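Take a look at the structure below.
Every number in this text was worked out from the coordinates using simple rules, so none of it is lab data. These numbers were taken from a predicted model, which means no experiment stands behind them. Positions of Cβ are backbone-derived with ideal geometry, glycine not excepted, and every protein chain shown enters the neighbour counts.
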Amino acid sequence: MRGRSLLDLDDLTSDETTYILHRATAFAARPPARELLRGVCVVNLFFEPSTRTYTSFSIAEQRVGADVVALPPGTSSLGKGETLADTALTLAAMGVRVIVTRHPESGFPYRLADSFSGHVINAGDGSHAHPTQALLDLLTIWTEFGRIEGLRVALVGDVLHSRVARSNIIGLRRLGADVTLVGPPTLVPDTMAGGGVTVTRDLDAILPAMDVVMLLRIQRERTTSAVLPSLGDYARNYRVGAERLAALNARAIVLHPGPYNRGVELTEDVLGFAGWRYAQQVSHGVFIRMAVLDFLVNGRVT
Ligand code: NCD
């Protein structure tokens, strides 16, 4: 039987999502008492550069006691013409139970999951999805406010090409947040509105009402210059600096999945802002990934 995979957040019910948040919180408070993935072999198959996500998964895998193999793309036989299905079969025959993968092609982890008998975790596919990033963002918001329901969350910038935004929209809506997407029409098309998601061009108008402001990097590697605004225009309308921080309500927090570009989507003022939660996001990432590995391999503990 094929194992359960996490390819995007719509693979989880809201109940399961909340379960993972609770479990990650418990892991943060106290390391798991036993090696939850003892004897389970996990392969990290990353075809795109990654600092945070790769390291975070590797640490999480070790903390739950898995046997970890890193397979850099240059060393896999996919480059020699082996099909993905045959690579999946080969890894499964060696006893690999979990593949964590990142790939520039949207949908790659879905193709892999179709031919792999174990569990696939999507660590980012093209501009499509990045479910563990969205879970760690949800955990950061939930830790801050004690709930997600009813919170007002703005996602600012290159929403169109952002897998982080796409997965966050699913998770935030599922747990009852109000989501506002903010940016120019080329990066935030009107068609993204609907189902509890609002689109606006005017960041300054909405800032005072927001509980959470999530800034996004412009995904130059996934787009053509035709849709990119001039950096001057972008900064004027969407870059967050001292003035925009001053417009936020006192309890609001600012998030960024990283890597952030100083001077583009934010200024250095954000890095010193009391509500800047970037470091918490990164540290929550390890606990979320431990909780996801445990949930997929061992199932739910009630
Ligand atoms: C993001 C990614 O790679 O999708 N980074 C991350 O995983 N923390 C966001 C980005 O590259 O802008």
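Amide H to amide H, with H built 1.01 Å from N, VAL40 comes under 5 Å of ASP67, counting only residues 5 or more places away or on other chains.
Using every pair of distinct Cα positions in region 146-302, the Kirkwood expression returns a hydrodynamic radius of 16.4 angstrom. From the alpha carbon centroid of region 164-197 to that of region 1-43 is 25 Å. Evaluating 6.51 cos²θ - 1.76 cosθ + 1.60 at θ = phi - 60° for every residue in region 79-88, the Karplus couplings come out as x, 9, x, 5, 6, 4, 4, 6, 4, 4 Hz, glycine and proline recorded as x. Between GLY195, GLY118, GLY176, the residue with the greatest mean-square fluctuation in the GNM of the chain (Cα pairs under 10 Å linked by springs) is GLY195.
Our analysis of the chain gives Rg over Rh at 0.97, with the two radii drawn from alpha carbon positions and Rh computed by the Kirkwood formula.
Scoring 179-186, 287-294, 6-13 by mean Cβ neighbours within 10 Å over their residues and listing the highest first yields 287-294, 179-186, 6-13.
The Cα center of region 247-263 and the Cα center of region 203-240 differ in position by 12 Å.
Footprinting exposure proxy ranking of VAL227, VAL270, fewest other C-beta atoms within 10 angstrom first, gives VAL227, VAL270. From least to most packed, judged by other beta carbons within 10 angstrom and beginning with the fewest, THR191, THR143, THR17, THR83 follow the order THR191, THR83, THR143, THR17. In this structure, the amide hydrogen of GLY126, modeled 1.01 Å from its nitrogen in the peptide plane, lies closer than 5 angstrom to those of HIS103, GLU105, SER106, counting only residues at least 5 positions away or on a different chain. From least to most packed, judged by other beta carbons within 10 angstrom and beginning with the fewest, HIS22, HIS128, HIS256 follow the order HIS22, HIS128, HIS256.
Per DSSP H run of at least 4 residues, take -39500 (n - 2.57); add these up for the chain, divide by its residues and hand me the 222 nm value, nearest 500 deg cm²/dmol. Calculated mean residue ellipticity at 222 nm is -11500 deg cm²/dmol. Between ARG201 and ARG38, full extension at 0.36 nm per residue minus the direct alpha carbon distance yields a gain of 53.7 nm. Summing +1 for each Lys or Arg and -1 for each Asp or Glu among the other residues whose beta-carbon sits under 11 angstrom from that of THR198 gives -1. Scalar couplings 3J(HN,Hα) for region 165-177, obtained by applying the Karplus form with A = 6.51, B = -1.76, C = 1.60 to θ = phi - 60°, are 4, 4, 5, 5, 4, 4, x, 5, 5, 4, 9, x, 7 Hz; x denotes Gly and Pro. Any idea what angle helix 278-298 forms with the longest principal axis of the chain, computed on alpha-carbon atoms, 0 to 90 degrees, nearest 10? Taking Cα atoms only, the helix is inclined about 30 degrees.
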